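Values quoted throughout were computed directly from the atomic coordinates according to the rules given, and no laboratory measurement underlies them. All values reported here derive from a predicted model rather than from experimental measurement. Because the Cβ atoms are built from the backbone with ideal geometry, glycine has one as well, and the counts that use them run over all protein chains shown.
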Amino acid sequence: MHLMAKLQGPAGLAAAAAAASFCIASAAAADGGTAVAAPGGPLLEWLMPAAAHPAAQTAEEKARGMVAGRARPRPELLQPTLDPRLQRYVPRPDAAALRGRFRAAASDVLPDLAQRWIAAFEKIYPNVHIDLAPPYEGSLGAQKLAAGRLDIAFVSRELRPVDVAAFRAKFGHPPLSVPVCGGSWRHFGFLDAVGVIVNQANPIRRLSFAQLDAILSRTHFRGAAPVTAWGQLGLTGAWAKRPIHIYGVKPWNGFEEFVRERVLSTPGHRGAWRAGIRFSPTVFPIATQVAADPDGIGYSGLAFLDAPVKLLPLQRQAGEPYYAPTYGNVARAAYPLARLVYANVDKTAGKALDPALAEFLRFIVSREGQRQVLEQAIYLPLRAQQARASLRLVGR
């Protein structure tokens, strides 16, 4: 990974644009590598070569992926360590008594990892059998789960609202979506983190979720007034009256749903996009569009940054730090738009899951289960606080 850090300034912006690179605005790390931006503190620019232009899957590649899973990318040179606070898995003393056969499905980017979890779990519990077979496709798995034809669906994104509605119509409650590992940092097609990008000429330094909601939504559930000009975000001079041009992905899309759920929505309230967004059918052109528009802002997977843009540090809640989308911040789940892989199951509120299925999920989010993620070397293991939240969902 080729990085060059320099103080933020016009010369740095010009150099970045000339080199067709993108830059990450962040603070100098003071804690072993976490790039945290504090209000008023000096920023650095991390200049990185723009990604190669990603190509959409061909029909033949999609067909192969449904049968054998998508071809895995080359692992990152840097790999994370397991969080030492992850809970170790302690097998049940009555391992032989735990039994059952369960039907599973997975997205085309997950069968390898899911099979690793299944094989490790079945070694501990030989009377439990979890069948995972093609076709590998997240939407099909979600649909089969909603139809009652599956026990667990591993999906590399949030479920579509239509699938949640179908499940609720059949069972009277929504499915339980349990985070089982992190996404990747920037692997194309493998749940890369999402970045908020602006043109490199834009002097904006950072944004909060409240500000993003004010820019992107018409619902404004985070409480801020609508924002339509850069001056409303603190820019002065010639920038004060310049309009904000928003670039996004047309609903429904996995990237769009993720940003809607993380930024526009609050508990019990589903956010809605504002009018006037320049929607594209896919995420592919977003970076190029923002790079060509000095007034532009958009969101994109890190794997799709194939044009010179600037990535902004983000703040989840008032009073919290701003985190840039560096590898370290995504790996330690500090960056607020890092993504998650989910295991989706049928669990009625107030009722326990099948003991074997619940034990399988507890194993996955344990230290031993997350070691399988680490050894696969594509996705990022959960941090301890994430694993504890998953255990609370499963019930302990």
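Taking 0.36 nm per residue of separation and subtracting the Cα-Cα distance, what length does fully extending Arg74 through Ala272 add?
67.6 nm
Taking only Cα atoms, what is the 0 to 90° angle, nearest 10, from helix 59-68's long axis to the longest principal axis of the chain?
40 degrees
Against the longest alpha carbon principal axis of the chain, how many degrees, from 0 to 90 and to the nearest 10, is the axis of helix 367-376 turned?
On a 0 to 90 degree scale, this one is about 60.
Place the peptides 114-120, 69-75 in order of packing, highest mean first, counting for every residue the other Cβ atoms within 10 Å and averaging per peptide.
The packing order, highest mean first, is 114-120, 69-75.
Label region 219-345 by shape, choosing from rounded, prolate and oblate, from the square roots a ≥ b ≥ c of the eigenvalues of the Cα gyration tensor; if a/c is under 1.5 it is rounded, and otherwise prolate applies when a/b is larger than b/c, oblate when it is not.
Taking the square roots of the gyration eigenvalues as a ≥ b ≥ c, region 219-345 is rounded.
Does anything in region 364-396 have its amide N under 16 Å from the 7 Å Cα→Cβ label point of Ala349, and if so which residues?
Only 393-395 fall inside the zone, counting backbone N under 16 Å.
With a Förster radius of 45 Å, plug the Cβ-Cβ distance of Ala377 and Ala169 into 1/(1 + (r/R0)^6) and report the FRET value to the nearest 0.05.
Here the calculated transfer efficiency is 0.70.
Note down the net charge around Gly231, summing +1 for each Lys or Arg and -1 for each Asp or Glu among other residues with Cβ under 9 Å from its Cβ.
Neighbour charge sum, excluding Gly231 itself: +2.
Cut-off 10 angstrom, C-alpha nodes, Gaussian network model of the chain. Which of Val227, Val90, Val180 fluctuates the most?
Top of the fluctuation ranking is Val90.
Stretched out fully, how many nm does the piece from Ala240 to Arg101 gain, at 0.36 nm a residue minus the Cα gap?
43.8 nm
With springs only between Cα atoms under 10 Å, which of Lys123, Lys347, Lys144 fluctuates most in a Gaussian network model of the chain?
Greatest mean-square fluctuation among the candidates belongs to Lys123.
Can you list residues from other chains, or at least 5 along the same chain, whose modelled amide H is less than 5 Å from the amide H of Phe279?
Result for Phe279 returns Gly248.
Using Cα springs under 10 Å in a Gaussian network model of the chain, which residue among Thr219, Thr282, Thr348 shows the largest mean-square fluctuation?
It is Thr348.
Any chance you could run the full-extension gain for Asp131 through Val162? It's 0.36 nm times the residue separation minus the Cα-Cα distance, nm to one decimal.
8.6 nm
In terms of modelled amide H atoms, which long-range or inter-chain residues lie less than 5 Å from the amide H of Trp273?
Arg218
Which is farthest toward the positive dipole end of region 54-129 among His129, Met66, Leu98, measuring Cα position about the Cα centre, with Cβ charges +1 (Lys, Arg) and -1 (Asp, Glu)?
After comparing all options, I get Leu98.
Can you pull out the trypsin sites (Lys or Arg not before Pro) in region 224-305 whose DSSP state is coil and whose Cβ has at most 13 other Cβ atoms within 10 Å?
Answer by residue number: Lys241, Arg270.
Helix 161-171: angle to the longest alpha-carbon principal axis of the chain, degrees 0 to 90, nearest 10?
It works out to around 30 degrees.
With the crude spin-label approximation of a point 7 Å out along Cα→Cβ, what separation in nm comes out for Trp252 versus Ala229?
The answer from the label model is 3.9 nm.
Taking the Cα-to-Cβ direction at Leu393 and at Thr282 and moving 7 Å from each Cα, how far apart do the two end points lie in nm?
It works out to 2.8 nm between the two label points.
Taking the Cα centre of the chain as origin and charging only Cβ (+1 Lys, Arg; -1 Asp, Glu), how large is the dipole, in debye to the nearest 20?
Using Cβ point charges on Lys, Arg, Asp and Glu, the chain gives about 760 debye.
Using a cut-off of 29 Å between alpha-carbon atoms, which lysines can reach Lys123, once sequence neighbours fewer than 8 places away in the same chain are excluded?
Lys144, Lys347, Lys351
By its C-alpha gyration tensor, with a ≥ b ≥ c as the square roots of the eigenvalues, how is region 322-396 shaped: rounded for a/c under 1.5, else prolate for a/b larger than b/c, else oblate?
Taking the square roots of the gyration eigenvalues as a ≥ b ≥ c, region 322-396 is prolate.
In the neighborhood of Thr266, defined by Cβ-to-Cβ distances under 13 Å, what is the net charge if each Lys or Arg adds +1 and each Asp or Glu adds -1?
Surrounding charge for Thr266 is +3.
Short version: ³J(HN,Hα) in whole Hz for each residue of region 119-124, in order, from phi by Karplus 6.51 cos²θ - 1.76 cosθ + 1.60 (θ = phi - 60°), x for Gly and Pro, what are they?
4, 5, 5, 5, 5, 7
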